[in-house]
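Contents: one structure, followed by commentary.
The values are calculated or read from the model by the stated rules, or taken from the named source; none is laboratory data. The structure presented is a predicted model; accordingly, all values stated were derived computationally and were not measured. Note that we place each Cβ from the backbone using ideal geometry, even for glycine, and neighbour counts take in every protein chain shown. These accessible areas exclude ligands, DNA and RNA; they are computed on the full protein's heavy atoms, side chains included. Shrake-Rupley method; radii C 1.70, N 1.55, O 1.52, S 1.80 Å.
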Amino acid sequence: MQLLFFKEDIMTKQTSFTQGKILQPLIFFAFPVLLALFLQAMYGAVDLLIVGKFASSVDVSAVSTGSQIMVTLTNLVSSFAMGLTILLGQQIGRGEKEAGGKSVGTGIIFFIIIAVITSIAMLFLAPQISSLMNAPQEAFDKTVAYLRICGGGMVVIVVYNLIGCIFRGLGDSKTPLITVAIACVFNIIGDLILCTIFHMGTVGAAIATVFAQVISVLISLLLIRKTELPFTLHRKYFKIDQQILSKIISFGAPIALQDLLVSISFLIILAIVNTMGVTASAGVGVAEKVCAFIMLISSAFMQSISAFVAQNYGAGLMNRARSALHYSCTVSFGIGICMFLLTYFHGNILASIFSSNFKVILAASDYLKAYAIDCLFTSVFFCYTGFYNGIGKTKFVMIQGILGAFLVRVPVSYFMSIQPHPNLFHIGLATPLSSLLQLILCLGLMAYLKHGNLLEDIN
């Protein structure tokens, strides 16, 4: 029995990336992605914002460490799901409607299995993970509680992120915006009720997070059932197709491994900072939430260029894909300069949004000065990363991410931490230095591909 039907007019709209202007459709696609990322950042920041205003620095530290671990797990699954985004985008570019349906069915079953395994692991391993993160002793129990509650809801979190990955592969950035908006609204409501009225602190923030995503998924599924999609989807497609799964893994595994190791490098930095006390731990947690916002436009272009390039790569239009990369780099770098100036000179104002503790604000501001420099590099190399993901060069993306993390970010942060009188600015410099290396590697691969005429139109 067919669940969803294909319509040609919808298909034409979805594949407009391969026809007409370049900058305008790219911007129109990127803007809902940007709004979705903004709301996603708000979703993560609301917990820290409300806890920071209505609870103690111990709660802030617990939410900071716990949320960073959950972000790592969520990003790992989302990165893996990029394999489905890329494959689906290329199939849409080639007009393969039935193959697209099979890919979606395989992806849903595969990622739900991963989510169940992860949920069980988090329930049992939360204390060990908190210990590995050097969670401050006074915040240890609350960190464990946060991880168990959020980790137990991984199935919902995975489905929530998978919906966004599927629709971005179709060239639809509006549906993910709707899902994250729903989650953000309910998370704010939950945080305000549980943290300000019932004074549940860390536990209340965790419960609100999972509850909001449950509501978002349920409403999103109702919306999808009423939406006509540009691929055919049968019940029989909801099984593991080995051939399709191998393609999803071949695209997604390198991205996931790269993001996992990069996230681990940031967790190592957080573990290093945690040894400096609750104030430093809370300061970095606040700074990371600010960074989630200042990196939004670069991240939006990375996701948008991946979907745009994937469809044009599938259609054999490489010159068009390269033009999209150049447009995105120009716009993103211009905005990156603005983010640098704002963050470097006014980091204390940004940090004060999430905490009223003067010492925490001072620590966060110190760390943010280093991240401000990173805005200049990530604004460009994120676009290149999106391009390489779109053409399936995900192994290179993995390699450059790992090299940046473990040849630069971790060693530099550790070296800075063992110096006499270490400060968060010097530790934070490890991040822009890592991004600089990754940018150099991206430019190097582009020069190699151009020299070999590997970026010309296929047909």
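I want to make sure I understand the PRE zone here: with the label point 7 angstrom from the Cα of Lys236 toward its beta carbon, which residues in segment 84-121 have backbone N atoms less than 14 Å away?
98-99, 102
May I ask you to compute the full-extension gain from Tyr414 to Leu342, defined as 0.36 nm times their residue separation minus their alpha-carbon distance, rounded to one decimal in nm?
23.2 nm
Explain nothing, just the number: relative contact order of the chain, from Cα pairs under 8 Å at least 6 residues apart, as a whole percent.
24 percent
Find the centroid of the Cα atoms in segment 25-63 and in segment 387-459, then give the distance between the two in whole Å.
Taking the Cα centre of segment 387-459 as reference, the centre of segment 25-63 is 25 Å away.
Modelled label-to-label distance, Gln128 and Ile113, 7 Å Cα→beta-carbon offset: nm?
With each label point 7 Å from Cα toward Cβ, the separation is 2.3 nm.
Using alpha carbons only, how many degrees (0 to 90, rounded to 10) separate the axis of helix 296-314 from the longest principal axis of the chain?
20 degrees
So how tilted is helix 140-152 from the main axis of the chain? Cα-based, degrees 0 to 90, rounded to 10.
20 degrees
May I ask for the Rg/Rh ratio of segment 255-369, computed from Cα atoms with Rh as the Kirkwood radius, given to two decimals?
Over the Cα atoms of segment 255-369, Rg/Rh equals 1.11.
Figure the gain on full extension for Ile349 and Ser323 (residue separation times 0.36 nm, minus the Cα-Cα span) and round it to one decimal in nm.
Result: 5.6 nm gained on full extension.
Take the solvent-accessible surface of the protein heavy atoms, probe 1.4 Å, and return the percent of it on the chain that carbon and sulfur atoms account for.
69 percent
Which FRET efficiency value, to the nearest 0.05, do you get for His421 and Leu192 by plugging their Cβ-Cβ distance into 1/(1 + (r/R0)^6) with R0 = 51 Å?
The computed FRET efficiency comes out at 0.80.
Would you calculate the separation in nanometres between label points at Gln137 and Phe406, each defined as 7 Å from the Cα along the Cα-to-beta-carbon direction?
Those two pseudo-labels are separated by 3.3 nm.
Does segment 103-218 come out rounded, prolate or oblate by the C-alpha gyration tensor, with a ≥ b ≥ c the root eigenvalues, rounded set by a/c under 1.5 and, if not, prolate when a/b is larger than b/c and oblate if not?
Oblate.
Quick one: if the Förster radius is 30 Å, what FRET efficiency do Asn75 and His451 give, using the C-beta to C-beta distance and rounding to 0.05?
Once the sixth-power term is evaluated, E becomes 0.35.
Rounded to the nearest 20 debye, what is the charge dipole size of the chain about its Cα centre when +1 sits on each Lys and Arg Cβ and -1 on each Asp and Glu Cβ?
Computed about the Cα centre, the dipole is about 760 debye.
List the relative contact order of segment 337-459 as a percent without decimals, with contacts defined as Cα pairs under 8 Å and 6+ residues apart.
The value is 28 percent.
Considering only protein heavy atoms, what per residue accessible area in square angstrom results for the chain with a 1.4 angstrom probe?
Solvent-accessible surface per residue comes out at 40 Å².
Which pairs break 23 Å Cα to Cα here: Lys174/Lys247; Lys97/Lys174; Lys102/Lys247; Lys239/Lys393?
Lys174/Lys247; Lys239/Lys393
Taking the Cα atoms only, what angle lies between the long axis of helix 242-274 and the longest principal axis of the chain, rounded to 10 degrees?
20 degrees
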